[in-house]
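Right, one structure below, let's go through it.
The values are calculated or read from the model by the stated rules, or taken from the named source; none is laboratory data. Since the model is a prediction, treat every value here as computed from it, not as a measurement. Ideal geometry is used to build each Cβ from the backbone, glycine not excepted, and the neighbour counts take in all protein chains shown. The area values use the complete protein model at the heavy-atom level, side chains included, leaving out ligands, DNA and RNA. Shrake-Rupley method; radii C 1.70, N 1.55, O 1.52, S 1.80 Å.
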Amino acid sequence: MEKIDLKSLSIDELKGLFKNIGEKEYRGVQTFSFIHGNMITKISDITVLSKTLRDKLEKNYYISNLDIVERYDSKVDNTKKYLFLLEDGNIIESVVMEYNYGTTACISTQVGCRMGCAFCASTKEGLVRSLTPGEILGQVYGIQRNLDIKLSNLVLMGSGEPLDNYENVLKFLYLLHNEKGQNFSFRNITLSTCGIVPKIYKLAEEELPITLSISLHSPFDEDRKKMMPIGKVYSIDEIIKACHYYFEKTNRRITFEYTLIKNKNDRKEDLEELSRILKGLNCHINLIPLNPIREYKENKADTEVVTNFKIELEKRGINATIRKEMGSDINAACGQLRRDYISKRS
Ligand code: SAH
C-alpha cells in the first residue's frame, strides 16, 4: 500500500485517522499544528505524540517534503528562484520577490501545463501531472524554512493552471489559511487563471476573499484564440460575465494580466476595446512586458507604448500598473529555468 501524505489532510481527516486507529481525536489537531504551524518534515518530529504512536503512524503515513535542487539569487534585487525536487523526480519552479510591503512567493500548481498558451514556457511539453495540496504547500514551507521568514503574499502564477487542478488548489488554500497552522490571510493570496469559466463560478461560490486574476492578453476573441487555445472554449464575454459574478459574491476587485506584445495587442484598437469591455467592472490591469522565450517569435511592446497604454487606460477610468521587472539577471521566463535544468541534466 502506498503511504498517505499527512500534509495533504485537513484537520477533520486527521481527527478521523486517529479515531480509526483507536486514538483520541485531538491528536489530529496537534498533528496538524506541528505539520503546518511548525512546518516539520518528518513524522518523528511530531514530538507531541508518543514514540510508539509515531512509529505506528510511520507504517501507513509520511509527510511529503520538497528538496531544493537549485536556488538562483539575483544580484540586482533580492529576487530568488527555486527549483524544487518532488518525490517522484519531477522538478518545479517557485520565485520569491521582495517588495516594500513584504515578501511575495510565486508558486506552481502543476508540473507543466496543458493550456498551451503560445508565449508561455511552462506549457511547451504539456501537462506532466497536477501537484497535491501537500506539494503546493511544500513550496511555501520550503521557502519559509530556507529564508527563515514568513511570506506575506502568495501568487499562484508559477507553472500550471490552478483551476485545472481545482480540488487540490482549494484544499491547499484552506490548509494554509487554517488558524491552527499558518493562519495565512486569504486576502494576501492571488489565484491567476487563463479563464476556465465554469471553475470561476465554482470558486465564486466559495466566497473566499482571495484575489482572482485573469490572464486576458487581448480584448478580441480572434486574437486571443491565437495566443491562448482556451479562448476557443470560452469567449471573452463569458469571462467578463463570470468576473462580474465573482465580484458580486466576494466583493474583491478583479485583476487582469495583460502581456504587451508588439503590434499584436498594444494597438489603439486594443486599448479602446479593452476599456469598453471592462467598463463598470471593479478591476485593475497589470501590464506585463512580454518575457521572450525561444518558441515564441514575437517582441515585447516598446517601453513608450507600455507607458502610454497605462496612461490611456487611466484616462478611461481603469486602474493600471506596469509590472516591475524583478531579478533581471535571473530573469528566465516562468518555466524556462526548469526546462534548461532538465535538458542540461539529461
Ligand atoms: N495558468 C495561469 C497562471 C500561470 S501564468 C494563468 O494563465 O494565469 C502567470 C501569468 O504569466 C499569466 O498571465 C501568463 O499569461 C503570463 N505569462 C506566461 N508566460 C509569459 C511570458 N513569456 N511573458 C509574459 N507573461 C507571461
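Would you confirm whether or not region 310-320 contains a residue that is in contact with a helix residue (DSSP H, G or I) (Cβ under 9 Å, 6 or more places away or on another chain), within 16 Å of the ligand (Cβ to nearest atom), free of Cβ contacts under 8 Å to residues at least 40 places away in the same chain and not acidic (Asp, Glu)? Within region 310-320 (the criterion being in contact with a helix residue (DSSP H, G or I) (Cβ under 9 Å, 6 or more places away or on another chain), within 16 Å of the ligand (Cβ to nearest atom), free of Cβ contacts under 8 Å to residues at least 40 places away in the same chain and not acidic (Asp, Glu)), the answer is yes, since at least one residue qualifies. Within region 83-97, the only residue that satisfies the criterion of being of a type in the set (Gly, Ala, Ser) and assigned to a strand (DSSP E or B) is SER94.
Are any of the residues in region 292-307 within 17 Å of PRO219 (Cβ to Cβ), in the same structural domain as GLN110 (by TED's automatic domain parsing) and open to solvent by 20 Å² or more (accessible area, probe 1.4 Å)? If you could, list the steps in order and put the result at the bottom.
In the first step, residues of region 292-307 are kept if they are within 17 Å of PRO219 (Cβ to Cβ); the result is 301, 305-306.
When the remaining residues are screened for being in the same structural domain as GLN110 (by TED's automatic domain parsing), the result is 301, 305-306.
Narrowing further to those that are open to solvent by 20 Å² or more (accessible area, probe 1.4 Å): 305.
There is at least one residue in region 292-307 that is within 17 Å of PRO219 (Cβ to Cβ), in the same structural domain as GLN110 (by TED's automatic domain parsing) and open to solvent by 20 Å² or more (accessible area, probe 1.4 Å).
Evaluate region 313-335: report whether one residue or more is of a type outside the set (Asp, Glu), touching a strand residue (DSSP E or B) at 6+ places or on another chain (Cβ under 6 Å) and over 30 Å from GLU207 (Cα atoms). Yes, because at least one residue in region 313-335 is of a type outside the set (Asp, Glu), touching a strand residue (DSSP E or B) at 6+ places or on another chain (Cβ under 6 Å) and over 30 Å from GLU207 (Cα atoms). Checking each residue in region 6-33 for being among the hydrophobic types (A, V, I, L, M, F, W, C), surrounded by 15 or more Cβ atoms within 10 Å (Cβ to Cβ) and not in a helix (DSSP H, G or I) picks out only LEU9. Taking the listed residues ILE189, ILE230, the one that is among the aliphatic types (A, V, I, L, M) and near the ligand (Cβ under 10 Å from one of its atoms) is ILE230, with no other qualifying.
Looking at VAL76, is it outside any loop (DSSP other than H, G, I, E, B), within 30 Å of LEU337 (Cα to Cα) and open to solvent by 40 Å² or more (accessible area, probe 1.4 Å)?
On the way: outside any loop (DSSP other than H, G, I, E, B): no; within 30 Å of LEU337 (Cα to Cα): yes; open to solvent by 40 Å² or more (accessible area, probe 1.4 Å): yes.
Here the answer is no, as VAL76 does not meet what is asked.
From the list GLU135, GLU125, which one is assigned to a helix (DSSP H, G or I) and of a type outside the set (Lys, Arg)? That would be GLU135, the only listed residue that is assigned to a helix (DSSP H, G or I) and of a type outside the set (Lys, Arg).
For LYS59, the stated conditions hold: it is open to solvent by 50 Å² or more (accessible area, probe 1.4 Å) and away from the ligand (no atom under 16 Å from the Cβ). Exactly one residue among LEU127, LEU137, LEU85 is of a type in the set (A, V, I, L, M, F, W, C), away from the ligand (no atom under 16 Å from the Cβ) and surrounded by fewer than 21 Cβ atoms within 10 Å (Cβ to Cβ), and that residue is LEU85. Tell me whether region 263-286 contains one or more residues that are assigned by TED's automatic domain parsing to the domain that holds THR79, among the β-branched types (Val, Ile, Thr), out of contact with any strand residue (DSSP E or B) (no Cβ under 6 Å at 6 or more places or on another chain) and modelled with pLDDT of 95 or more. So far as region 263-286 goes, yes, one or more of its residues are assigned by TED's automatic domain parsing to the domain that holds THR79, among the β-branched types (Val, Ile, Thr), out of contact with any strand residue (DSSP E or B) (no Cβ under 6 Å at 6 or more places or on another chain) and modelled with pLDDT of 95 or more. Evaluation of ARG294 against the conditions (1) basic (Lys, Arg); (2) within 11 Å of the ligand (Cβ to nearest atom); (3) over 29 Å from GLN110 (Cα atoms) shows that the sole unmet condition is (3). Which numbered condition trips up SER108, out of (1) open to solvent by 30 Å² or more (accessible area, probe 1.4 Å); (2) within 28 Å of SER185 (Cα to Cα); (3) at pLDDT 95 or above; (4) not hydrophobic (A, V, I, L, M, F, W, C)? Among (1) open to solvent by 30 Å² or more (accessible area, probe 1.4 Å); (2) within 28 Å of SER185 (Cα to Cα); (3) at pLDDT 95 or above; (4) not hydrophobic (A, V, I, L, M, F, W, C), the lone unmet condition for SER108 is (1).
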